[in-house]
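Visitor: The structure's right below; bear with me while I get my questions together.
The values are calculated or read from the model by the stated rules, or taken from the named source; none is laboratory data. Only a predicted model underlies this, so the values are computations on that prediction, with no experimental measurement involved. Every residue, glycine as well, gets a Cβ built from its backbone with ideal geometry; the counts of neighbours run over all protein chains shown. Accessible surface areas use protein heavy atoms only, side chains included; no ligands, DNA or RNA. Shrake-Rupley method; radii C 1.70, N 1.55, O 1.52, S 1.80 Å.
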Protein chains: 2
Amino acid sequence: MSTNDDFDPIFKALAHARRRAILDCLKKEPMTTGGLCQHFHDMDRCTVMQHLKVLHDAGLVVVTREGRERWNHLNALPIKEIADRWIGDYAQHAVRMLSSLERDLGLRNKKETT
Amino acid sequence: MSTNDDFDPIFKALAHARRRAILDCLKKEPMTTGGLCQHFHDMDRCTVMQHLKVLHDAGLVVVTREGRERWNHLNALPIKEIADRWIGDYAQHAVRMLSSLERDLGLRNKKETT
DNA sequence: TCAGTATGTTATAAAAATATAACATGTCAA
DNA sequence: TTGACATGTTATATTTTTATAACATACTGA
């Protein structure tokens, strides 16, 4: 399935807790690379930049420049695309499973009460 | 954020295209390990089993046994949880961005037509 | 201009994920 | 029982990811 492969860099980008934390930061407001390094003071600046590169390559971070500063903006569209085009089927699967479980429990209760 | 860490094994499990392909298979119907190996004939049986272990540890695959067969069932609930508890904020972010973009384009068109 | 600052690049060490091989266990059915 | 089969386990090679260091570039403002 081609759509599955399209999503690959996005899933990979989301796979690291540090990167999800960076996204959480950028969800609140755009930040400079330096600002992010300050926020994640336990992480080397180069590490932050590598994570930003992964996020950028996945299209989850958009970069603008102001003088010598680099502003990193969240682009949540790829995440929404995954939600719309990939997760839907699985969510349905889960809901079906839950409702059949509910039905089975219902039958059991019925049986017990009769 | 603690919820972020709870999701870690799930995001990690979803990060590999082969594992997502396995989930796609199991979404259609439960399969034995052997059945999966037959389907992914270009992958070593041990590799399939390792992937199944990752999926199982993440709670995405539930295992039942029948004699010498092991049946792997999809459990999509963790995916639905991510959808409900993690993706929501980002989807909203995306929608907000799109609507502000729309508004800006609307303003531009207005300007152009006046 | 020039010191200080923000970011970029290249190389490399360390850790984790992926794939395979070799061997082990348990079940079925003749 | 016993041979074939489905799965499980342990060890290890290969590849990728993650983290850091050292050096380079470019902008700002005094």
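Visitor: With respect to the numbered conditions (1) at pLDDT below 95; (2) touching a His at 6+ places or on another chain (Cβ under 9 Å), which one is the sole condition not fulfilled by B:ASN72?
Guide: Of everything listed in (1) at pLDDT below 95; (2) touching a His at 6+ places or on another chain (Cβ under 9 Å), B:ASN72 misses just condition (1).
Visitor: Let me ask something else about it. Residues that are facing chain A (nearest Cβ under 9 Å): list the helices (runs of 4 or more DSSP H) wholly contained in the range B:5-114 that include at least 1 such residues.
Guide: Values: elements: B:8-14, B:17-28, B:33-39, B:45-57, B:77-82, B:88-113.
Of the helices (runs of 4 or more DSSP H) lying wholly inside the range B:5-114, those with at least 1 residues that are facing chain A (nearest Cβ under 9 Å) span B:8-14, B:17-28, B:77-82, B:88-113.
Visitor: Which numbered condition trips up A:ARG68, out of (1) in contact (Cβ under 8 Å) with a residue 40 or more places away in the chain; (2) farther than 17 Å from B:PHE11 by Cβ; (3) among the basic types (Lys, Arg)?
Guide: (1)
Visitor: Which ones in the range A:40-65 are within 10 Å of DNA strand C (Cβ to nearest atom) and not hydroxyl-bearing (Ser, Thr, Tyr)?
Guide: Once the filter is applied, which keeps residues that are within 10 Å of DNA strand C (Cβ to nearest atom) and not hydroxyl-bearing (Ser, Thr, Tyr), the range A:40-65 yields A:ASP44, A:ARG45, A:CYS46, A:VAL48, A:MET49, A:GLN50, A:LEU52, A:LYS53, A:HIS56, A:VAL63, A:ARG65.
Visitor: Further question: Please verify whether the range A:28-44 includes one or more residues that are touching a Leu at 6+ places or on another chain (Cβ under 7 Å) and of a type in the set (A, V, I, L, M).
Guide: no
Visitor: Now, a different point. Right, A:ALA58: free of Cβ contacts under 8 Å to residues at least 24 places away in the same chain and surrounded by 12 or more Cβ atoms within 10 Å (Cβ to Cβ) or not?
Guide: Considered against the rule, which asks whether it is free of Cβ contacts under 8 Å to residues at least 24 places away in the same chain and surrounded by 12 or more Cβ atoms within 10 Å (Cβ to Cβ), A:ALA58 comes out as no.
Visitor: Looking at (1) farther than 18 Å from A:ASP5 by Cα; (2) surrounded by fewer than 18 Cβ atoms within 10 Å (Cβ to Cβ); (3) more than 13 Å from DNA strand D (Cβ to nearest atom), which is the only condition B:LYS53 fails?
Guide: Single failed check for B:LYS53: (3).
Visitor: Could you please find all residues in the range A:66-78 being within 13 Å of DNA strand C (Cβ to nearest atom) and either closer than 16 Å to A:ASP6 by Cα or open to solvent by less than 30 Å² (accessible area, probe 1.4 Å) (or both)?
Guide: In the first step, residues of the range A:66-78 are kept if they are within 13 Å of DNA strand C (Cβ to nearest atom); the result is A:66-73.
A:ASN72 - this is the single residue of the range A:66-78 that is within 13 Å of DNA strand C (Cβ to nearest atom) and either closer than 16 Å to A:ASP6 by Cα or open to solvent by less than 30 Å² (accessible area, probe 1.4 Å) (or both).
Visitor: Another question, then. Of the residues that sit in the range B:24-39 and are within 14 Å of DNA strand C (Cβ to nearest atom) and buried (at least 17 other Cβ atoms within 10 Å of the Cβ), which one is farthest from A:TRP86 (Cα to Cα)?
Guide: Filtering the range B:24-39 for residues that are within 14 Å of DNA strand C (Cβ to nearest atom) and buried (at least 17 other Cβ atoms within 10 Å of the Cβ), the one farthest from A:TRP86 (Cα to Cα) comes out as B:CYS37.
Visitor: Among the residues of the range A:79-114 satisfying the criterion of being at pLDDT 90 or above and open to solvent by 100 Å² or more (accessible area, probe 1.4 Å), which is farthest from A:PHE11 (Cα to Cα)?
Guide: It comes out as A:ARG96.
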